[in-house]
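Here is the structure we will look at, set down as structure tokens.
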Amino acid sequence: MKYAFRLVDDDFDYDVLTAVTAYLDCEHYAWLHARNYSHYEILEDGPTTSRIIQHSKYFGITFKQHHFRTYLPPSEFMMESDKPFPINTHTIFTPRSDGGVHRSVDVSVDLPALLWPFRKLLAAHLRRYDARVYGEDAAAATRREKYLGKNNWAWAFRPYQFLLHKDAVMEAFRAEVAGLGERRFADEPVVIEPA
Ligand SMILES: [Fe+2]
């Protein structure tokens with residue numbers, strides 16, 4: 001039985017590209033979000049689609065989920081997951097006039113009839129789970145801002161950074177990323193030319 005609901009409508013104090021790079025950065029999931037995602041394994045990284053095995057903990061139980069994800073440039077994402085029952089999510093990041101980002105997430109779950117009476121409880125649990133993960137991302141953005149400056153997503157485009165669909169992101173945010181040629185990565189050592 002299909003149950004569809006708006007999971008969240010919220011705002012963050014950083015720009016759209018910061019939100020997109022956080023979403024697609026494979027390297028932070030298993031440590032920053034370790035409480036919820038203990039394992040994150042990329043099976044396929046196509047131009048705009050990916051297949052992932054992710055271990056997610058709901059109600060204290062770890063589910064080994066297969067995710068099929070689609071990136072709809074510039075800042076929209078679809079996700080299909082198979083366990084504990086089919087779950088689809090649709091995430092949209094939109095720029096706000098004050099430079100921040102708005103996020104909306106729609107969820108659709110295919111519930112077994114037995115779980116139908118608990119659907120509201122399940123939605124509340126998913127909201128808590130989502131709030132924790134995005135709280136961790138927002139805290140990471142604040143830490144990064146302290147050391148690298150606000151909205152510094154340059155790290156995501158370093159050649160050795162594994163960002164899903166990196167080429168498609170660079171194409172979608174061409175104007176912003178073009179400025180990178182002029183911009184030294186803040187964590188690179190400063191080379192002092194001999195006099
Ligand atoms: Fe994250």
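The values are calculated or read from the model by the stated rules, or taken from the named source; none is laboratory data. Only a predicted model underlies this, so the values are computations on that prediction, with no experimental measurement involved. Cβ coordinates were reconstructed from backbone atoms using ideal geometry, including for glycine residues, and neighbour counts include every protein chain displayed.
Can you work out which of the residues in the range 8-19 that are surrounded by 19 or more Cβ atoms within 10 Å (Cβ to Cβ) and under 17 Å from D130 (Cβ atoms) is farthest from the chain's Cα centre (by Cα)? Restricting to residues being surrounded by 19 or more Cβ atoms within 10 Å (Cβ to Cβ) and under 17 Å from D130 (Cβ atoms), the top hit is F12.
Against the criterion of being within 16 Å of L7 (Cβ to Cβ), among the hydrophobic types (A, V, I, L, M, F, W, C) and surrounded by fewer than 19 Cβ atoms within 10 Å (Cβ to Cβ), I92 qualifies. Of the set (1) without any contact (Cβ under 8 Å) to a residue 40 or more places away in the chain; (2) in a strand (DSSP E or B); (3) surrounded by 15 or more Cβ atoms within 10 Å (Cβ to Cβ), all apply to L115 but (2).
Within the range 20-31, the presence of at least one residue that is among the β-branched types (V, I, T), surrounded by 15 or more Cβ atoms within 10 Å (Cβ to Cβ) and within 12 Å of the ligand (Cβ to nearest atom) is confirmed.
Return the total of residues in the range 32-62 being among the hydrophobic types (A, V, I, L, M, F, W, C), touching a His at 6+ places or on another chain (Cβ under 9 Å), surrounded by fewer than 16 Cβ atoms within 10 Å (Cβ to Cβ) and in a strand (DSSP E or B). Break it down stepwise before answering.
Of the range 32-62, the ones among the hydrophobic types (A, V, I, L, M, F, W, C) are 32, 34, 42-43, 52-53, 59, 61.
Still in the list and also touching a His at 6+ places or on another chain (Cβ under 9 Å): 43, 52-53, 59.
Checking the rest, the ones that are also surrounded by fewer than 16 Cβ atoms within 10 Å (Cβ to Cβ) come to 43, 53, 59.
Narrowing further to those that are in a strand (DSSP E or B): 43, 53.
Here the count works out to 2.
Only residues that are in a helix (DSSP H, G or I) and touching a strand residue (DSSP E or B) at 6+ places or on another chain (Cβ under 6 Å): list them for the range 1-31, please. Outline the logic, then answer.
Filtering the range 1-31 for residues in a helix (DSSP H, G or I) gives 16-24, 29-31.
The answer is V16, A19, L24, Y29, A30.
Quick one: in the range 154-180, which of the residues that are within 16 Å of the ligand (Cβ to nearest atom) and assigned to a helix (DSSP H, G or I) is modelled with the highest pLDDT? Ranking the candidates gives V169 first. The residues in the range 118-153 that are within 16 Å of H28 (Cβ to Cβ), away from the ligand (no atom under 13 Å from the Cβ) and crowded, with 16+ Cβ neighbours inside 10 Å can be counted, and the count is 2.
Looking across Y29, Y14, Y23, Y40, one residue alone is farther than 30 Å from A113 by Cβ and in contact with a Cys (Cβ under 8 Å, 6 or more places away or on another chain). It is Y40. Of the residues making up the range 54-85, just one is more than 26 Å from L17 (Cβ to Cβ) and at pLDDT 95 or above, namely H66. Within the range 32-62, being hydrophobic (A, V, I, L, M, F, W, C) and near the ligand (Cβ under 10 Å from one of its atoms) holds for one residue alone: L32.
For residues in the range 167-182 being touching a residue at least 60 places away in the same chain (Cβ under 8 Å) and either closer than 30 Å to G60 by Cβ or not aliphatic (A, V, I, L, M) (or both), which is surrounded by the fewest Cβ atoms within 10 Å (Cβ to Cβ)? Reasoning before the result, please.
Narrowing the range 167-182 to residues touching a residue at least 60 places away in the same chain (Cβ under 8 Å): 167-169, 171-173, 176.
If we keep only those that are either closer than 30 Å to G60 by Cβ or not aliphatic (A, V, I, L, M) (or both) too, we end up with 167, 171, 173, 176.
Values: D167: 10, E171: 13, F173: 20, E176: 15.
Ranking the qualifying residues of the range 167-182, first place goes to D167.
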